[in-house]
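Have a look at the structure below, then the notes.
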Amino acid sequence: MTLSTADTARLDDFWRHCLEHQFFNIGYPENADFDYSALERFLRFSINNCGDWGEHSNYVLNSFDFEKDVMAYFADLFDIRREDSWGYVTNGGTEGNMFGCYLARELFPDGTLYYSRDTHYSVAKIVKLLRIKCRAVDALPNGEIDYDDLLAKIAADGERHPIIFANIGTTMRGAVDDIAIIQARLQQAGIARRDYYLHADAALSGMILPFVDTPQPFTFAAGIDSICVSGHKMIGSPIPCGIVVAKRRNVERISVEVDYISASDKTISGSRNGHTPMIMWAALRTHSPAQWRRRVAHSLKSAQYAVNRLRAGGIDAWRNPNSITVVFPCPSPGIARKYGLATSGDTAHLITTPHHRDTRFIDALIDEVIAEARPEVWRATLQRSWHANTQLPPRSTSWAGGARLDGR
């Protein structure tokens with residue numbers, strides 16, 4: 001490939017932009033702590049995972065063997081026997097959510113999909129594309145689904161085959177819907193287990209909860225029918241991706257035979273990225289359960305540190321149990337843009353993914369949030385620091401002067 005001087009300069013500019021901002025999107029669950037250099041040589045190939053990784057395909061340039069290993073890992077992680085499960089590496093959480101809802105619709109064509117108002121925006125697209133009846137359910141203040149409102153709406157609809165969209169870590173507040181309470185409410189409504197479908201959106205928390213001491217139950221053993229997790233979030237990937245796992249018996253309903261590849265296709269997208277299964281495989285092969293536990297523990301510790309610092313500065317910050325999402329009042333647009341914060345209404349959040357090896361970025365953001373919202377508290381803090389150390393704290397002097405960090 002030969003590019004013009006101008007095009008090369010444009011790429012160089014973007015390279016510098018990426019270097020400067022790769023660790024700065026603190027409001028989004030993107031883990032930048034990864035190294036897939038061992039896979040770079042495969043970028044010269046067009047690797048296409050069209051069809052079912054469990055079957056032979058005439059298209060031989062695929063990474064099915066790696067995808068098979070990835071899906072075995074997640075079947076084990078989410079408490080379902082490998083032979084009873086089927087899933088695949090997706091383009092991201094939205095495709096995984098659509099796959100789960102698609103299976104539910106095929107099982108209960110006239111069923112109504114119930115989801116909380118704190119559910120990811122992808123559900124609005126999914127119900128339109130799949131033409132599923134749907135009902136939004138109120139959310140509790142911490143972001144969980146309102147279980148009483150769920151029961152009331154199911155009863156008001158006279159719905160006998162509800163499809164429940166459960167959040168295992170909501171987008172803005174990191175809330176985990178209680179699977180046991182949902183099932184108890186459905187039983188209370190007289191709906192048997194065989195008559196409803198439960199999909200779990202675990203885009204971020206699906207790689208957190210398995211590695212904490214007291215996780216909220218959310219796996220197949222807890223009663224779910226399908227689950228999706230993002231690969232570019234807690235795991236970390238240069239390409240957006242994810243996985244979805246479902247009960248094999250439900251997947252068989254959507255299988256389509258494709259003669260020209262001599263295989264069946266059970267996926268949403270058909271032709272699929274063959275590189276992302278290798279990325280997921282490499283991540284899982286190079287991190288033991290103990291290492292995942294350490295990464296998760298570090299991220300949770302960083303989240304609690306952020307909550308403590310914000311509260312000490314007079315900012316009303318909080319987080320849900322086992323969540324790396326720290327919720328606080330929305331700062332000015334300037335601060336939100338500078339630090340890549342996610343905001344919704346009067347609420348903002350920061351997310352402490354594993355690439356935050358220390359607290360520099362967290363401290364820099366919090367310093368500005370406190371200085372803007374509680375200037376009197378900030379001035380008092382600086383004054384105390386001055387008297388204690390005869391100089392301003394290093395993070396305050398460096399950021400006040402506009403110095404940049406290299407991210408490491």
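What follows draws every value from the coordinates through simple rules; no lab data is involved. In this text the structure is predicted, and so the values were computed from the model without any measurement. Cβ: placed from backbone, ideal geometry, glycine included. Neighbour counts: every protein chain shown.
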Kindly identify the stretch 152-311 as rounded, prolate or oblate by the Cα gyration tensor criterion: order the square roots of the eigenvalues as a ≥ b ≥ c, call it rounded if a/c is under 1.5, otherwise compare a/b with b/c, prolate if a/b is larger, else oblate.
-> oblate
Answer with one residue from Thr267, Tyr196, Leu151: the one whose Cα lies farthest towards the positive end of the charge dipole of the chain, charges on Cβ with Lys, Arg +1 and Asp, Glu -1.
-> Leu151
The stretch 333-375: translational diffusion in µm²/s, Stokes-Einstein, Kirkwood Rh over Cα pairs, 4 °C, 1.567 mPa s = 115 µm²/s
Quick one: check the C-alpha center-to-center distance for the stretch 213-248 versus the stretch 297-358, whole angstrom.
-> 23 Å
Assigned charges on the beta-carbon of Lys, Arg, Asp, Glu; the stretch 122-164 dipole about Cα centre (debye) | 460 debye
Kindly write out, for the stretch 95-104 in residue order, the coupling ³J(HN,Hα) from the Karplus curve 6.51 cos²θ - 1.76 cosθ + 1.60 (θ = phi - 60°), rounded to whole Hz, with x marking Gly and Pro.
-> 5, x, 5, 5, 4, x, 5, 5, 4, 5
Mind giving me the FRET efficiency for Ala290 and Leu3? R0 is 45 Å, r the Cβ-Cβ distance, nearest 0.05 is fine.
-> 0.50
How far is helix 360-373 tilted off the main Cα axis of the chain, in degrees rounded to 10, range 0 to 90?
-> 70 degrees
How high is the FRET efficiency between Gln188 and Ser264 when r is their beta carbon distance and R₀ equals 41 Å, given to the nearest 0.05?
-> 0.55
Mean ellipticity per residue at 222 nm, deg cm²/dmol - from DSSP H runs of n ≥ 4 across the chain, formula -39500 (n - 2.57) | -12000 deg cm²/dmol
A correct fewest-to-most ranking of Thr170, Thr5 by other Cβ atoms within 10 Å would be Thr5, Thr170
Using a simple charge model, +1 on the beta-carbon of Lys and Arg, -1 on the beta-carbon of Asp and Glu, nothing else, what dipole does the stretch 37-285 show about its Cα centre, in debye to the nearest 20?
-> 360 debye
Which of rounded, prolate, oblate describes the stretch 222-345, given a ≥ b ≥ c as roots of the alpha-carbon gyration tensor eigenvalues and a/c under 1.5 marking rounded, otherwise prolate only if a/b is larger than b/c?
-> prolate
Kindly write out, for the stretch 297-312 in residue order, the coupling ³J(HN,Hα) from the Karplus curve 6.51 cos²θ - 1.76 cosθ + 1.60 (θ = phi - 60°), rounded to whole Hz, with x marking Gly and Pro.
-> 4, 5, 5, 5, 5, 5, 5, 5, 4, 5, 4, 4, 5, 5, 5, 4
Spherically averaged projected area in nm², based on the convex hull that wraps the Cα atoms of the chain = 23.0 nm²
If we sort 234-246, 153-165 on the protection proxy, mean other Cβ atoms within 10 Å, highest first, what's the order?
-> 234-246, 153-165
Quick one: compute the contact order of the stretch 1-112, relative version, from alpha carbon pairs under 8 angstrom and 6+ residues apart, as a percent.
-> 12 percent
To the nearest 10 degrees, how steeply does helix 5-21 sit against the main Cα axis of the chain, on a 0 to 90 scale?
-> 80 degrees
Can you run phi through the Karplus equation (6.51, -1.76, 1.60; θ = phi - 60°) for the stretch 127-138 and list ³J(HN,Hα) in whole Hz, with x for Gly and Pro?
-> 5, 6, 5, 8, 6, 9, 4, 8, 9, 7, 10, 4
Rank-order 22-34, 38-50, 114-126 by packing density, defined as the average count of other C-beta atoms within 10 Å over each peptide's residues, highest first.
-> 114-126, 22-34, 38-50
Mind checking the log10 I(q)/I(0) for the stretch 60-178 at q = 0.10, 0.13, 0.15, 0.16 Å⁻¹? Debye, one equal scatterer per Cα, no solvent, two decimals.
-> -0.37, -0.60, -0.78, -0.87
Which entries in Lys133/Lys153; Lys133/Lys233; Lys133/Lys247 show an alpha-carbon gap greater than 19 Å?
-> Lys133/Lys233; Lys133/Lys247
Quick one: compute the contact order of the chain, relative version, from alpha carbon pairs under 8 angstrom and 6+ residues apart, as a percent.
-> 22 percent
Provide the FRET efficiency to the nearest 0.05 for the Leu39-Asp213 pair, computing r from the beta carbons and using R0 = 56 Å.
-> 0.95
GNM, the chain, Cα, under 10 Å: largest mean-square fluctuation among Val327, Val89, Val377?
-> Val377
Where only C-alpha atoms are counted, convex hull volume of the stretch 1-120 per residue in Å³ | 220 Å³
Out of Pro162, Asn142, Asn62 - ranked by how far each Cα lies towards the positive end of the dipole of the chain, with unit charges on the beta-carbon of charged residues - the top one is Asn142
